[in-house]
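Structure first, commentary second.
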Amino acid sequence: MKSENKIASLAGSATLSPEQVIEIHNLKIGFGDLPVLKDFSVQLFEKENLVILGKSGSGKSVLIKCIVRLLNPDSGTINVLGENVNKLNDRDLAKLRMKIGFLFQSGALYDSMTIKENLEFPLKRIKKNLSQKEMDEKIEDTLENVGLSDTLHKMPSELSGGMRKRASLARTIVVDPMIMLYDEPTTGLDPVTSDEISSLINDVQKKYDTSSIIITHDIECARATADRMIMLKDGEVYLEGSLDEFEKSPDELIQSFFKPKKM
Amino acid sequence: MKAIGPVRKKIPKLPDVKKRAIKLSENVIKKTQKANRFFLAVGEINLFFWYTIKASFSRDFEFREFLRQCYLVGNKTLPLITITGVVIGLVLTIQARPVLAEFGAVSMLPGMVALSIIREMGPVVTALICAGKIGSGMGAELGSMKVTEQIDAMEVSSTNPIRFLVVPRVMAATLMIPILVLYADALGILGSWAGANIKGEVNFVLFISQAFSAVGFMDLFPAVIKTFFFGAAIGFIGCYKGFTAGRGTESVGKAANESVVVASLLVILIDLVAVQITDMLL
Ligand SMILES: Nc1ncnc2c1ncn2[C@@H]1O[C@H](COP(=O)(O)OP(=O)(O)OP(=O)(O)O)[C@@H](O)[C@H]1O
Ligand SMILES: [Mg+2]
């Protein structure tokens, strides 16, 4: 409740209609001579799942790293919950990041810690008022949701690639963020687990009213979760629309994402 | 013998000149880039240093991580330092003895060996071992955390990675290396006694009291102070190199390697400065 009021008040203070959670304007970023995003603008609305498609190397991961300021753009503005990310001081940035869940493409589990400690790490720092018992319960619940309840005391190196992905998803959602940024949540998973993860993403969205950006190549995951989709190409938005519009698009590039793979 | 012919100066053809000019400008650009990178690195290391200092004084100190690092620093280096300490004392004694005997000054042996161990050999050798073992370990560990985005993950869960990773490591090295040095000193003197024992029995208590009568406060004090700086330098360089590792896996090895080189060099340089300062004070 409190946080909702906050969004409303923040949104009121900035020139932002209340339901826009993330607003990116004319984002430009490159590395050396290589331009990655050229003139990229997009909005994420409240309680919405936005799926981002794009070829490998098109800058999808770079985009969401800019949102949490792991990378600094060359120009353009990024507003998250009404605050200009690139103008925040360290403390405010840390506060804002507490409301954002970030699933790394590589998982990025802390490999000197057990799975339990991995989940405890953000929980301890973000939900400071939980007791140890509440924390343990929350960790177990979350792990069960991703189907990993028996790995509590294992090290990340003892898990398979897909299990690591799920563990890191658990670590991201355990703190109930308001905004979720998923970088390829289902890559490397079998179809059954993929479906489970997709419905988990939907569950999280419904339960906590989160707004999410989901980067994926997995069309099934996109079908299951997308409210709106965009296609990224050459550093710009190539196409924006609903799932239907994407599926009916005559464009060859788009169709190549949707048509079943030839054996 | 070369055939004598008209002396012809080789006049470069036009495309040749052009090529050379291009090469020259390419070289200039390369050099400037190199210089730029150097100054960037200097700026970066400065910034990293101040962030570390700032984070050291922050309210919530990661005490458990600090203890864990202290344990790791000690645990990793103890066997090596034990052996080295004893051997240094032993070798110094065996080598110094004939020279001293020539001057009929064998009674000075314990004091001389103790002095050289406490003032120089103990601190420097221990620090160099730690630079190899701890510096490379920290460089590799933080480097791999950087490459696998674990440091980024910490940052997005609102944890200052410098506070959580760097500060406990630098502090642990700063605290533990002096302790390890004192330990190596003690073992060195023990080794020296063992060396003296090879040629005839030497009373242990007598040996020790002779050794320590030669060592004054002003020998021990500066030697201990400089070891804190050794520790800080080793921890800091290891962390810095790890933190600034590039994006590929090969940069982990590079980070480990560079931390050993730079940390060892720094240890020697700090030692040089420390010796100068003590010399001025005495
Ligand atoms: N930190 C960095 N330094 C230099 N170049 C980078 C950096 N991060 C990304 N790049 C480059 O930016 C481009 C886009 O990378 P990005 O990781 O965003 O791709 P992506 O769309 O996520 O691809 P994939 O689907 O394969 O994950 C790539 O060409 C990559 O080499
Ligand atoms: Mg990516």
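Of the residues making up the range B:74-85, one or more are closer than 25 Å to B:Thr278 by Cα and in contact (Cβ under 8 Å) with a residue 40 or more places away in the chain.
Within the range A:122-138, residues that are within 24 Å of B:Gln150 (Cα to Cα) and away from every other protein chain (no Cβ under 14 Å) have Cβ atoms under 7 Å from residues that are of a type in the set (Ser, Thr, Tyr) and surrounded by fewer than 12 Cβ atoms within 10 Å (Cβ to Cβ) in no pair, counting only partners at least 6 apart in sequence or on another chain. Can you confirm whether the range A:62-84 contains a residue that is touching a Lys or Arg at 6+ places or on another chain (Cβ under 7 Å) and within 12 Å of ligand 1 (Cβ to nearest atom)? Checking the range A:62-84: at least one residue is touching a Lys or Arg at 6+ places or on another chain (Cβ under 7 Å) and within 12 Å of ligand 1 (Cβ to nearest atom).
Here is a list: A:Val80, A:Val68. Which entry is touching a residue at least 40 places away in the same chain (Cβ under 8 Å) and more than 8 Å from chain B (Cβ to nearest Cβ)?
On the way: A:Val68 fails: more than 8 Å from chain B (Cβ to nearest Cβ).
Step by step, each of A:Val80, A:Val68 is checked, and only A:Val80 is touching a residue at least 40 places away in the same chain (Cβ under 8 Å) and more than 8 Å from chain B (Cβ to nearest Cβ).
A single entry from A:Gly188, A:Gly235 fulfils the requirement of being open to solvent by 10 Å² or more (accessible area, probe 1.4 Å), within 16 Å of ligand 2 (Cβ to nearest atom) and among the small types (Gly, Ala, Ser): A:Gly188. For the range A:47-76, the candidate set comprises residues that are basic (Lys, Arg) and closer than 22 Å to A:Arg91 by Cα; within that set, the residue that is surrounded by the most Cβ atoms within 10 Å (Cβ to Cβ) is A:Lys65. Every listed requirement among (1) open to solvent by less than 50 Å² (accessible area, probe 1.4 Å); (2) more than 10 Å from chain B (Cβ to nearest Cβ); (3) touching a residue at least 24 places away in the same chain (Cβ under 8 Å); (4) over 24 Å from A:Arg166 (Cβ atoms) is met by A:Val85 save one, (3). Counting the residues of the range A:33-46 that are open to solvent by less than 80 Å² (accessible area, probe 1.4 Å) and within 9 Å of ligand 1 (Cβ to nearest atom) gives 2. When B:Phe207 is tested against the conditions (1) farther than 23 Å from B:Ile234 by Cα; (2) open to solvent by 10 Å² or more (accessible area, probe 1.4 Å); (3) of a type outside the set (Asp, Glu), the lone failure is (2). Screening B:Ile81 against (1) open to solvent by less than 40 Å² (accessible area, probe 1.4 Å); (2) within 14 Å of another protein chain (Cβ to nearest Cβ); (3) not charged (D, E, K, R) leaves a single unmet condition, (2).
For the range B:226-275, filtering for residues that are open to solvent by 70 Å² or more (accessible area, probe 1.4 Å), within 14 Å of B:Thr126 (Cα to Cα) and either of a type in the set (Val, Ile, Thr) or within 16 Å of ligand 2 (Cβ to nearest atom) (or both) leaves 1.
From the list B:Ala101, B:Ala172, exactly one residue is away from chain A (no Cβ under 14 Å) and at pLDDT below 95. Which is it?
Numbers: B:Ala172 fails: at pLDDT below 95.
That would be B:Ala101, the only listed residue that is away from chain A (no Cβ under 14 Å) and at pLDDT below 95.
Please verify whether A:Val192 is within 13 Å of the chain's Cα centre (by Cα), at pLDDT below 90 and β-branched (Val, Ile, Thr), treating the condition exactly as stated. Don't jump to the end; show me each part of the working.
Working: within 13 Å of the chain's Cα centre (by Cα): no; at pLDDT below 90: yes; β-branched (Val, Ile, Thr): yes.
So A:Val192 does not fit the description; no.
Of the strands (runs of 3 or more DSSP E) lying entirely inside the range A:45-122, those carrying at least 2 residues that are over 16 Å from the mean Cα position of the chain (by Cα) are A:75-80. Every listed requirement among (1) under 25 Å from B:Gly122 (Cα atoms); (2) open to solvent by 50 Å² or more (accessible area, probe 1.4 Å) is met by B:Arg64 save one, (1). Within the range A:138-180, the residues that satisfy the criterion of being open to solvent by 20 Å² or more (accessible area, probe 1.4 Å) and not in a helix (DSSP H, G or I) are A:Gly147, A:Leu152, A:His153, A:Lys154, A:Met155, A:Ser160, A:Asp176, A:Met178.
The values are calculated or read from the model by the stated rules, or taken from the named source; none is laboratory data. Bear in mind the structure is a predicted one, so any value in this text is a computation, not a measurement. Neighbour counts run over all protein chains shown; Cβ positions are idealised from the backbone, glycine included. Keep in mind that these areas ignore ligands, DNA and RNA; they rest on the heavy atoms of the full protein, side chains included. Shrake-Rupley method; radii C 1.70, N 1.55, O 1.52, S 1.80 Å.
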